[in-house]
Amino acid sequence: MTPMKWFFSFVKKYRIYMIIGLFLTMVVSILSIINPYISGQIVDKVIRGGDSSLLIPLIGCLLGTTVVIAILRYLYQMLFETASQGVLYEMRDTVYRKLLAEDFNFYNKKRTGDLMSRQTGDMDAIRHFVAYVIYMVFSHVLMFVFALIMIFTVNLKLALCMIIVLPFTALTTFLQSKEVHPAFRRNRDCFSSLNTYVQENVSGNRVVKAFAKEDYEISRFQKENDKFREAQIAASRIWMKYVPIFEVLAYVLTIVLILYGGYMVIHEEITMGDLVTVNGYLWMLNTPLRMAGWLVNDIINFITSVDKIYKTYAEEPKVKMPLNCTKKEHFKGRIEFKNVSYRADDDDIVTDIDFKVEPGQNIGIIGTTGSGKSTIMNLLCRFYDATSGEVLVDGVNVKDMDLYYLRDNIGMAMQDVFLFSDTIEGNIAYGRPESTFEEVKQAAVMADADEFIMGLPEGYDTIVGERGVGLSGGQKQRISLARALLKDPSILILDDTTSAVDMETESYIQTQLKKLKKNCTIFTIAYRISSIKDADLILVMDHGSIIERGTHEELVNADGYYARAFHNQYGDIPKGFLATKGGI
């Protein structure tokens, strides 16, 4: 499907509005030829002919025609505005739904500012085209043609002199369209880049202030702003070059009428009324010529915007819903990785991951930064698809599962905590919006968040900003954990969830996690030994592979990577202490 076909698929639903609107536009264009004709009749028959009895009827026709044109113009403008808002609503909704359906690979490669530009500036260019440009182009073409026809009916030679500007107008329009298309594309690219820069700096304002880099960021913003300004000026130069040409061509018509039309009146080839009539039609020729340059700009802007939006929309996610998917409302929580490998951008992220987890088990995952800990959880949630091997949940490959049911059974407290601009209660209940306040509060108690929430001015009704502005790192982590716990999931993934809390709070949370339903399988990704020491199975990862596995005591006694990490965090502790005291 081409971008234009995609665009017209949205227009179809509102074509009746546009057809009626175009019909009314045509009627207005036809009615527009009446007033100049009547003006000529007033000059010839009333002023010069002396028949005053025709004055009132002719003026009545002028007023009546003007009123009818005004009413019809209002109606077709409302029709096109209604159609434009409908098209914009449908298109924006469709694109937004597609954006939500995209996978992690898509968002890893796209800038937020670019995506925002597609939904704002580019969408507005399309709305402007449907609401204004379509009927304006149609109206001006009809006015020009009808006016020319009426001038031919007045005098053939005068009409032939009028059409002498048409070839020059066509050539100027063609040249302008060739130049303006790349200019608008660059304009949109610069706007997206500027939008992205502003979005990133607003989101990262704390980092900017922490490093006192305000002046540096202002200078970078000025560079982006300068690029956008230069792109705007470059596009404006095109208008400055061609729009005056259209104006000159329009004035040429006036000069032709004054000189040659006046000459013909003097030599009585036409009457003064005929000259007045042609002068009335002259604005119907001048206006389209003057507007041609601006309308060409609007059309090219529209084409560029449709192309950019469609390119974003047309990108298919690599992770797709299977055709004959398995739907299961509640999982038992049995997980198995069978020789799973994942490769991205020619890099091996994880290799030959192989382990099995029974329902209700607690699995700890530890390893160096970038060792693939979070990746294997992303493969379990099917945020990415394994390059080889199988990820099984309750014996079913996740690639064969309904994505909604798969992820609905998984509660995840992510490493990068994101809180919406909503109340604390709304953030916790995000996964289960139908939850009662008592359920929300219970989840907060389990996450050790209830006490600090109640200490806030509005309690659970306190509004937190984007990314949890106003809360500490540990507080955001506990709200994120409460959000995951409220889902009552079959599989719970805690990705470095307690890194920002103190040891006492972490111990309390671990105690609460033991109270979860028996078949809730828990994965805990951590750097601190204390977070995973009680796990039924600990996986140690390095360079995308599992290098050690076992219980805490087994891995400490193995004297490998895990033992070194343990001693680095707790110092040298006698092995007998582990056996008699059950570990740290």
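Taking each residue as 0.36 nm, the span from Tyr216 to Asp348 lengthens on full extension beyond its C-alpha to C-alpha distance by 43.9 nm. Normalised by the number of residues in the chain, the average gap of Cα pairs under 8 Å and 6 or more apart makes the relative contact order 14 percent.
Relative protection proxy for 470-483, 48-61, 217-230, from highest mean packing down: 470-483, 217-230, 48-61 (other beta-carbon atoms within 10 angstrom).
Placing a label point 7 Å from the Cα of Tyr251 along the Cα-to-Cβ direction, the residues of region 271-301 whose backbone N falls under 16 Å from that point are 286-287, 289-291.
Relative to the first principal axis of the alpha-carbon coordinates of the chain, what is the inclination of helix 473-486, with its axis defined by its Cα atoms, in degrees from 0 to 90 and to the nearest 10? Between helix and principal axis, roughly 90 degrees. Helix-only estimate, please: 222 nm mean residue ellipticity of the chain, summing -39500 (n - 2.57) across DSSP H runs of length 4 or more and dividing by its residues, to the nearest 500. Value at 222 nm, helices only: -19500 deg cm²/dmol. The angle separating the long axis of helix 55-101 from the principal Cα axis of greatest extent in the chain is about 20 degrees. Model label points for Leu156 and Gln85, set 7 angstrom from Cα along the Cα-to-Cβ axis, are 5.2 nm apart.
Separation of region 73-90 and region 247-273 by C-alpha centroid, Å? Comparing the Cα centres of region 73-90 and region 247-273, I get a distance of 40 Å. Distance between the C-alpha centres of region 169-236 and region 368-382: 37 Å, rounded to the whole angstrom. 3J(HN,Hα) along region 377-392: 6, 5, 5, 5, 7, 6, 6, 10, 9, 4, 5, 8, x, 10, 10, 10 Hz, from the Karplus curve 6.51 cos²θ - 1.76 cosθ + 1.60 with θ = phi - 60°, whole Hz, x for Gly and Pro. Pairs of Lys residues in region 337-444, spaced 8 or more positions apart or belonging to different chains, with C-alpha separations under 29 angstrom: 6 in total.
Here r is the Cβ-Cβ distance between Ile547 and Asn108 and R0 is 25 Å; the resulting FRET efficiency, rounded to 0.05, is 0.40.
Applying 1/(1 + (r/R0)^6) with r as the Cβ-Cβ distance of Glu390 and Asp461 and R0 = 30 angstrom yields a FRET efficiency of 0.05. Averaging the sequence gap over all C-alpha pairs within less than 8 Å and six or more residues apart, then dividing by the number of residues, gives region 510-567 a relative contact order of 21 percent. Pairs of Cα atoms nearer than 8 Å and 6+ residues apart set the relative contact order; for region 80-230 it is 31 percent. Which lysines does Lys13 reach when only Cα atoms under 16 Å apart count, and residues fewer than 8 places away in its own chain are ignored? Filter leaves Lys5.
Neighbours of Ala234 by Cβ distance under 13 Å: Lys/Arg scored +1, Asp/Glu scored -1, total +3. To put it simply, the accessible area of the chain at a 1.4 Å probe is 59 percent carbon and sulfur. For the chain, find the longest principal axis of its Cα atoms and tell me its angle to the long axis of helix 166-203, 0 to 90°, nearest 10. Taking Cα atoms only, the helix is inclined about 30 degrees.
The values are calculated or read from the model by the stated rules, or taken from the named source; none is laboratory data. Keep in mind that what you see is a predicted model, and the values were worked out from it rather than measured. So basically every Cβ, Gly included, is an ideal-geometry build from the backbone, and we count neighbours across all protein chains shown. Remember, those area values only see protein heavy atoms, side chains included, never the ligands or the DNA or RNA. Shrake-Rupley method; radii C 1.70, N 1.55, O 1.52, S 1.80 Å.
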